[in-house]
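The values are calculated or read from the model by the stated rules, or taken from the named source; none is laboratory data. Everything quoted here is computed from the prediction, not taken from an experiment. As a convention, Cβ positions derive from the backbone with ideal geometry for all residues, glycine included, and neighbour counts pool all protein chains shown.
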Amino acid sequence: MSVQQIDLRSDTFTKPTPAMRQAMCEAEVGDDTVSEDPTVNRLEELCCDLLGKPAAMFSCTGTQSNQTAIWAHCRAGEELLIEQQGHIASYEVGAPAALSGVTVRTVAGNQGMLDLDDLVDSLRPDRQFFPPTRLLCLENTTNIGGGKAYPLDQIERVTNWARENGLKNHLDGARLFNACIAKGYLAKDVARYFDTVSICFSKGLGCPMGSILVGDEQTISRARRARRMFGGGLRQAGIVAAAALYALENHRERLAEDHANAKRLAAIISDAPGLEVNREDVETNILFFQIESDAITASELELRLRKRGVKLYAIGGNRLRAVTHLDVDRSMIETAGRIIVEEMNSAVS
Ligand SMILES: *Cc1c(COP(=O)(O)O)cnc(C)c1O
């Protein structure tokens, strides 16, 4: 008998449901390069409504969406500010430098989030030798920060500070809808503080690919040139935009289940010997936990769990990350939790 596979590596591992595939199959399409794909156009209009912005651009990935925004906001030789664990700083292959000539200055925050105290010393005087700071990038929810969702008043404080100091604000909202569910705010309540917002459809929303970037007409029109330049000019993209439309209709509210499952997993494994889990820190679908024992390393535990069908990633030293999503239901969470506890029991005994 084969072992049941429970994949908690990332919410990017979700596969399109039969209903989503059906929607993709039936999508009306055209050439999006000349804005003639009706499904892409519908998706972009819906995202403008949801986020309260005049313009939107569908793109291949969250990285592409972030990088086209950076290209649209900055010129070569300028710099952006971001929390040190930010995706744009660490997981996008140095793209700000490679694609836009922009340097990344990282600032230490708290669980991937920035507040005024973290930022006040990062302003540079207007001198000939400094790179002009052009852009502040925030992440909501934070990924490596632990799936934390920004409180709205913190977003307001930080983005106002940036604006007052002449910076643009970009939100890497790969999981913005998770933040909305966790905090009870609307996407447009958050988006109003930002010049551009990027959201991924390929994470908890369960699409095979795709992201959206929203902003004003002028910025999005620059982003379209960047998308073309970066090789992401799309043709009959309605096939994948249909999945995103389906997900916005059908997969947003259910993100609450993923959050409840992450909390449940945290509760189960907090009983395991040698594991440190801060249950209060689990706010959305991302759960980090720590090994507090010399008996086993994070990568050894990753390997042992994999043999029993539970996949997750060791991320940094003795930390592991589990991410819940629509392909993992409550009973799989119970099973995964039990297996983690069993493996820790046998490791430390
Ligand atoms: C996943 C992710 C992205 C985009 O990643 P792609 O793999 O390029 O889609 C951007 N920011 C954050 C915080 C993410 O988690």
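Overview of values
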| quantity | calculated |
| --- | --- |
| Single residue of Asp126, Asp153 found to be in a helix (DSSP H, G or I) and more than 16 Å from the ligand (Cβ to nearest atom) | Asp153 |
| When residues of segment 54-67 are limited to those that are surrounded by fewer than 24 Cβ atoms within 10 Å (Cβ to Cβ) and more than 9 Å from the ligand (Cβ to nearest atom), the one nearest to Ala226 (Cα to Cα) | Ala55 |
| The one condition in (1) assigned to a helix (DSSP H, G or I); (2) within 15 Å of the ligand (Cβ to nearest atom); (3) of a type in the set (Asp, Glu) that Asp118 fails to fulfil | (2) |
| Of residues in segment 94-115 being over 28 Å from Gln290 (Cβ atoms) and in a loop (DSSP other than H, G, I, E, B), the one nearest to the ligand (Cβ to nearest atom) | Gly94 |
| Matching option when the condition is touching a Lys or Arg at 6+ places or on another chain (Cβ under 8 Å), closer than 21 Å to Gly173 by Cβ, surrounded by 15 or more Cβ atoms within 10 Å (Cβ to Cβ) and not polar (S, T, N, Q), among Ile82, Ile70, Ile88 | Ile82 |
| Test: residue in segment 233-244 that is modelled with pLDDT of 95 or more, assigned to a strand (DSSP E or B), of a type in the set (S, T, N, Q) and crowded, with 17+ Cβ neighbours inside 10 Å | no |
| Contacts under 7 angstrom Cβ, first residue in segment 53-74 being modelled with pLDDT of 95 or more and assigned to a loop (DSSP other than H, G, I, E, B), partner among the aliphatic types (A, V, I, L, M) and more than 9 Å from the ligand (Cβ to nearest atom), 6 or more apart | Lys53/Ala191; Lys53/Val214; Cys74/Leu80; Cys74/Val102; Cys74/Leu135 |
| Search result, residues across segment 75-89 that are under 19 Å from the mean Cα position of the chain (by Cα) and either charged (D, E, K, R) or near the ligand (Cβ under 10 Å from one of its atoms) (or both) | Glu83, Gln85, Gly86, His87, Ile88 |
| Residue list for segment 203-217, restricted to those being in a strand (DSSP E or B) and away from the ligand (no atom under 13 Å from the Cβ) | Val214, Gly215 |
